[in-house]
Amino acid sequence: MPILTLKTVSSRKAWRRDKLARWVITLGGATVIASVVAIVALIVGVTVPLFRPPRAALVGSAHLPKSLTGNDVLCCGIDLGISADNATGLLWTKGGQLVVVDLCTGKVRGRQQLAPPGKAGGPGLRQVESLSGGKYSLLWSDGAMSLVEVVAGKPGAPAAKASPPSLRTLAVTPAMKGPLPRAAVLRRSEAGATTRAALLPDGTISILRQVAAENMAGDQEVRSSESVLREDCGPDIRVLSMDRDGNTLYAGTKDGVLARWQLKENGEVGPREIARAFPDRRAITALALLLGDVSLAVGDAQGGLSTWFPVKAETGRRLRLAHQLRPHRSAVRQIVASGRNKSLLSLDDEGTLHWDYVTSERSLLSLPAEPDHPWRHVALGQRGDALLAVDAAGALRVWRIDGGYPEVSFHTLFGKVLYEGYDAPAYVWQTTGGEDFEPKLSLVPLVFGTLKGTFYAMLFAVPLSLFGAAYASYFTTPTLRQTIKPVVEIMASVPSVVIGFLVALWLAPIIERWIFAFLISLLTLPLVFVAFLCLWQYLRRMDWTKRVESGYEFLVLVPVLLAGAALAVWLAGPLEARLFAGNFRQWLFQGPLGMRYDQRNNIIIAFGLGFTVIPIIFSIAEDSLSNVPYSMAAASMALGASRWQTFWRVVLPSASPGIFAAIMIGFGRAVGETMIVLMATGNTPILDWSPLNGMRTLSANIAVEIPEAPVGGTLYRVLFLCAVLLFLLTFTVNTAAELVRQHLRKRFGQF
Amino acid sequence: MRTLWSRREAVVLGVAGFLCFLALPAQQTRADDAASSASKTYEKVSGVDGNLNSIGSDTLINLMTYWAEAFNKLYPNVRIQVEGKGSATAPPALIAGTAQLGPMSRRMKPDEEDAFEKKHGFRPTRISVALDCLAVYVHKDNPIRGLTLPQVDCIFSKTCKSGYRELTTWGDAGLTGAWATLPISLYGRNSASGTYTYFQEHALLKGDYKDTVKEQPGSAAVVNGVAADRAGIGYSGIGYRTSEVRAIPLAKDDKSPLTEPTFANALRGTYPLGRTLYIYVAKKPGEPLPKLVEEFLRFVLAREGQDIVVKDGYGPLPAKVIQQQLELLK
């Protein structure tokens, strides 16, 4: 209800001005609230799509020419071109033909008859394997193999006139004498070494390796070496797989056993490593290597799909089960690995298609087969955004797929995940690497780092600033208070970048050199202080001490504290030499504690963050203490209480809401401080409470990673999720603090 | 009146100082001759003006600034702005059109090229501009003779893909005495950096960095960190070397000899961490680049540009490579 109405105000002008002021202030307040809400809405809006489910949209269908059925097709591939208008499907047939189908119009654009190397016509194809990057490994009926690359036609022209893709042969191996292989794989490394492994009918594996090298005379020569693996996996081997460079060979048997061989550069084969993958001895029906050639995807006869990778064991590295993906209902017949991320496409005998992301074990898509037309072959587009399926009758379907953000799930963000190459599940934050990198987006080290940094900063800042505020407002003279307060508030005006810079480059080496003295000073300072107080009881009898006690006690205490510090420095040398053989940091690392000392650690962060937080807490606490009416203190002292009793029992409880608010505001500032933490820690995402090493906070993480995150990508949205987490943290703490503050207000009266 | 020197002494000192001063450009020219034999002089053309923005690598930031200054002297109507927060900032800038030049100390990843192609309709053009050696720095007091690449891998990574054993103290790396029990303190770049990705691919064999690698915001910050930390080791471009640190010789494996990080060794292939520095531009196939961009790149590849490369501590391109790059500009 307005206090001023037209009747109570002397003039109309004053009333109008009052009304105007009210509107302006209300507008200002409402704008502030609206902007905060808008900011929160913005960051939540960028974060929410992270949890959007994956999508698939059917964009085209076609049919094979009548002379071919689905059973003639050995493999299919999809070439999306630059725009979706150029989507073409590639189909390899048993007769040795490559059929190119335009997937948008459904028309066959071309058919190429292929011949094995060195022959004009002749045998057809027995097996075609699609590899990432548009490459295909072809096994001919006479045992010869070719590695071909499909090169997209010239872009730019409209789809109808675009030239069909052309083939480029990358490697060939000659026809095999003797029994024809049941299955074979061919790979060519970037250095030019060709490796072929063929599974012969009697269960042995024939390995051929060709390396093109320059000999001393400068001529190119091809050195080939052939070997046969006759180990007692026996006739049970069902499937083979090899990595992109031809260095590791994997095999799966019908008893559920995985075997691994290392193929060396000079043609030798390392010892076999066996892993009994399935205790119930179910057959392994499909193998594929994930992007990066570290994890092996294994599909078995009962529809299970799992990934394995080598992990450190007592003797070298052994294959270990890493992830279990969504199981199929019948045996897995084909696994295709994505060329863009760690996802897998799998097809079972029933014809159902699954698309899964391995690290987060998320099932992205599941396309059941139509009842009479099970899918027989599938292919994934090179950029991972298109899916082609061929059924037994020869119908083709193309979907445009969008996996959303498959790396992110509640478990990968907040739980322990087993990453490729690691020995055990862990909380890891490491987002960037080469093209086949597995993003590790665990927020746990970041939240831990934020809490750790804030804890040490508040541990340093809160006692100093609260006691300082108490002294400045209550125990010292008003003139001194008027001098101290502005000086402390000037501390708040130092830019945090400057503080971070000074702390990182000047304070860190000093603390590193004097760490033992610093730790001893935590003991000597209180001891010297107490000793001085005992001494003071005798000195009090002199007259000049009365002047000191009227508010200038700190002048006398400064030399005492300096003496305590000097004592610590003086003692540090001899103590370190006697107890720790002259090197305290070495003892920390090698002794029973096993702690590493890092130059950029939480002690210097506590100083830096404390420097920014102390003026805030000091200011607000001091204000609230001074606002307690002096009449209360006077009454208390008149009744015979000492200064300390009055302060502790009368003034402090009355001011407690304000002091609590001061601490909470300081906490909010410490949690959100970015530049100091960015410059003075090493931004190391570790989970360790020790104050002698660094950490990585949510705020510094955003500052460090956001220039690198592509807009709208997974990392970008996860960084906004970090911002949402920071907001929630501060909001929860502030709300709880406000509730406590209201309660304290009601309890302790009028302020 | 008593003065510090007599008149004769003052004249002698003055002449001696003047002669020393004259000798300095002579030193400079000798260095220039070594580099400039590979490239031709730049020929000025008319009609070059406008704004040029460069967003990308921190390794190249000094180089871009020197080139920009020298180019500005030739064409006073050109305004060039250089920003270097890390190689990963270059592709988004080129895609969005906020920069015409994208210096990067690594190649673009396939998904960055895809995103570029999606926006523009053609793939980005990569122009090599200088050679760099990625050096591994230790404190100047560190007596280690050198390291093999597997040792570097196991010092910096937690996956240790090269198969060497884990190294946590300088004693594990082969030092004795007071250094033997000192834990190794790691310094590196942050993830926006091309140097970070290059080192991960070539030294760590695409493994993961240890969590304890302290991420520094720039190449110079890594060197400063190592200079202040006795147990420190870090990686950065050779151009950032100071007298407070040592760039140690590296060997590819146990059987190869330790080689110093020099450009001659990088070109020969004996130093394992040599790399090329690039500038990416958006050049539509069949059409020439905008005149300002093309002339800037011609300047960079000419004798004057390559001299600046030498001045900043990087390696000039061999003649054959310069020819290939000029072909790309056509």
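Derivation of every value follows stated rules applied to the coordinates shown; laboratory data play no part. Computed from a predicted structure; not experimentally measured. Quick reminder, even Gly has a Cβ in these numbers, built from the backbone with ideal geometry, and neighbours come from all protein chains shown.
Sorted by packing (mean other beta-carbon atoms within 10 Å per residue), highest first, where do B:224-232, A:335-343, B:57-65, A:587-595 land?
Peptide ranking by packing, descending: B:57-65, A:335-343, B:224-232, A:587-595.
For the peptides A:319-327, B:9-17, what is the packing order when you average, over each peptide's residues, the other Cβ atoms within 10 Å and list the highest mean first?
Details: A:319-327: 17.7, B:9-17: 10.8.
Those peptides, ordered most packed to least, come out A:319-327, B:9-17.
Please give me the summed charge of the neighbours of B:R275: other residues whose Cβ is under 9 Å from its Cβ, Lys and Arg +1, Asp and Glu -1.
Values: positive: B:R106; negative: B:D132.
That works out to 0.
So, in Å, what gap is there between the alpha-carbon centers of the range B:271-330 and the range A:237-296?
Centre-to-centre distance over Cα atoms comes out at 45 Å.
Please list, in order along the range A:387-399, the HN-Hα scalar couplings obtained from phi with the Karplus expression 6.51 cos²θ - 1.76 cosθ + 1.60 (θ = phi - 60°), rounded to whole Hz, x for Gly and Pro.
After applying 6.51 cos²θ - 1.76 cosθ + 1.60, I find 10, 10, 9, 10, 9, 5, 7, x, 7, 10, 9, 10, 10 Hz.
Ratio to report: Rg/Rh of chain A, with Cα atoms as the point set and Rh obtained by the Kirkwood method; give two decimals.
Reported Rg/Rh (Cα atoms, Kirkwood Rh): 1.14.
How well do other chains shield peptide A:723-736, expressed as the mean number of their Cβ atoms within 10 Å of each residue Cβ?
Values: counts 0, 0, 0, 0, 0, 0, 0, 0, 0, 0, 0, 0, 0, 0.
Average neighbour count from other chains, rounded to a whole number: 0.
Long-range amide H contacts for B:Y271: which residues qualify at under 5 Å (H placed 1.01 Å from N, peptide plane, sequence gap of 5 or more or a different chain)?
Answer set, sorted by chain and number: B:A266.
Quick one: angle between helix A:602-626 and the longest Cα principal axis of chain A, in degrees between 0 and 90, rounded to 10, please.
Helix A:602-626 and the main axis of chain A meet at about 40 degrees.
Report the extension gain between A:D202 and A:T735 in nm, rounded to one decimal, defined as 0.36 nm multiplied by the number of residues separating them, less their alpha carbon distance. Write down the numbers at each step before the final one.
Details: separation 533, 0.36 × 533 = 191.88 nm, distance 7.38 nm.
Computed gain between A:D202 and A:T735 is 184.5 nm.
Which ³J(HN,Hα) values in Hz, rounded to whole numbers, follow from the phi angles of the range A:45-58 under the Karplus curve 6.51 cos²θ - 1.76 cosθ + 1.60, where θ = phi - 60° and Gly and Pro get x?
For the range A:45-58, the Karplus-derived couplings read x, 6, 7, 4, x, 4, 9, 5, x, x, 10, 9, 10, 6 Hz, x marking Gly and Pro.
Given the rule -39500 (n - 2.57) for each run of at least 4 DSSP H residues, summed and divided by the residues of the protein assembly as shown, what is its mean residue ellipticity at 222 nm, to the nearest 500 deg cm²/dmol?
-12000 deg cm²/dmol
Determine the shielding of peptide B:108-117 by partner chains: average, over its residues, the number of Cβ atoms on other chains within 10 angstrom of each Cβ.
That works out to 4 on average.
Taking only Cα atoms, what is the 0 to 90° angle, nearest 10, from helix A:553-579's long axis to the longest principal axis of chain A?
That works out to roughly 50 degrees.
What is chain B by shape, rounded, prolate or oblate, if you read a ≥ b ≥ c off the alpha carbon gyration tensor as root eigenvalues and call it rounded for a/c under 1.5, prolate for a/b larger than b/c, and oblate otherwise? Kindly include the intermediate steps, with their values, before the conclusion.
Details: a/c = 2.01, a/b = 1.07, b/c = 1.88.
Verdict is oblate for chain B.
Radius of gyration and Dmax for the range A:264-326's Cα atoms, expressed in Å?
Every Cα atom of the range A:264-326 included, Rg and Dmax give 13.1, 40 Å.
Against the longest principal axis of chain A, how steep is helix A:714-748, in degrees 0 to 90 to the nearest 10, with axes from Cα atoms?
30
Taking 0.36 nm per intervening residue step and subtracting the Cα-Cα distance, what contour gain separates A:A563 from A:I39 on full extension?
Details: separation 524, 0.36 × 524 = 188.64 nm, distance 5.12 nm.
Contour length minus the Cα-Cα distance gives 183.5 nm.
Tell me, in nm to one decimal, what length is gained between A:E314 and A:V498 on full extension, where the rule is 0.36 nm per residue of separation less the Cα-Cα distance? Before the final figure, lay out the partial values.
Working: separation 184, 0.36 × 184 = 66.24 nm, distance 5.05 nm.
Stretched out fully, the A:E314 to A:V498 stretch lengthens by 61.2 nm.
Of the peptides B:271-278, A:521-528, A:257-264, how do they stack up when ordered by the mean number of other Cβ atoms within 10 Å, highest first? If you can, show how the numbers build up before the last one.
Working: B:271-278: 22.4, A:521-528: 15.5, A:257-264: 18.6.
Final packing ranking: B:271-278, A:257-264, A:521-528.
Modelled label-to-label distance, A:W648 and A:W536, 7 Å Cα→beta-carbon offset: nm?
1.5
Cut-off 17 Å, label point 7 angstrom out along Cα-to-Cβ of B:L258: give me the residues of the range B:205-244 whose amide nitrogen falls inside.
The answer is B:232-234.
Classify the range A:498-587: rounded, prolate or oblate, from the alpha-carbon gyration tensor (a ≥ b ≥ c, eigenvalue square roots; a/c under 1.5 rounded; otherwise prolate if a/b is larger than b/c)?
Working: a/c = 4.63, a/b = 1.73, b/c = 2.68.
Oblate, because a/c is 1.5 or more while a/b does not exceed b/c.
Can you list residues whose amide H is under 5 Å from A:H377's amide H, if they're 5+ apart or on another chain and H is modeled 1.01 Å from N?
It is A:V390, by chain and number.
Partner chain Cβ atoms within 10 Å, averaged over the residues of A:433-439 - can you pull that number for me? Write down the numbers at each step before the final one.
On the way: counts 11, 11, 9, 3, 7, 1, 0.
Per-residue shielding by partner chains comes out at 6.
Along Cα→Cβ, 7 Å out, is where each label goes; now give me the distance between the ones at B:K291 and B:N53 in nm to one decimal.
Modelled inter-label distance: 2.2 nm.
So if I take the centroid of the Cα atoms in the range B:145-196 and the same for the range A:570-631, what is the distance between those two points in Å?
Taking the Cα centre of the range A:570-631 as reference, the centre of the range B:145-196 is 30 Å away.
Pop out the ³J(HN,Hα) list for the range A:36-43 in order, Karplus 6.51 cos²θ - 1.76 cosθ + 1.60 with θ = phi - 60°, rounded to Hz; leave Gly and Pro as x.
Working through the residues one at a time gives 4, 4, 5, 4, 4, 4, 5, 5 Hz.
In terms of modelled amide H atoms, which long-range or inter-chain residues lie less than 5 Å from the amide H of A:N341?
none
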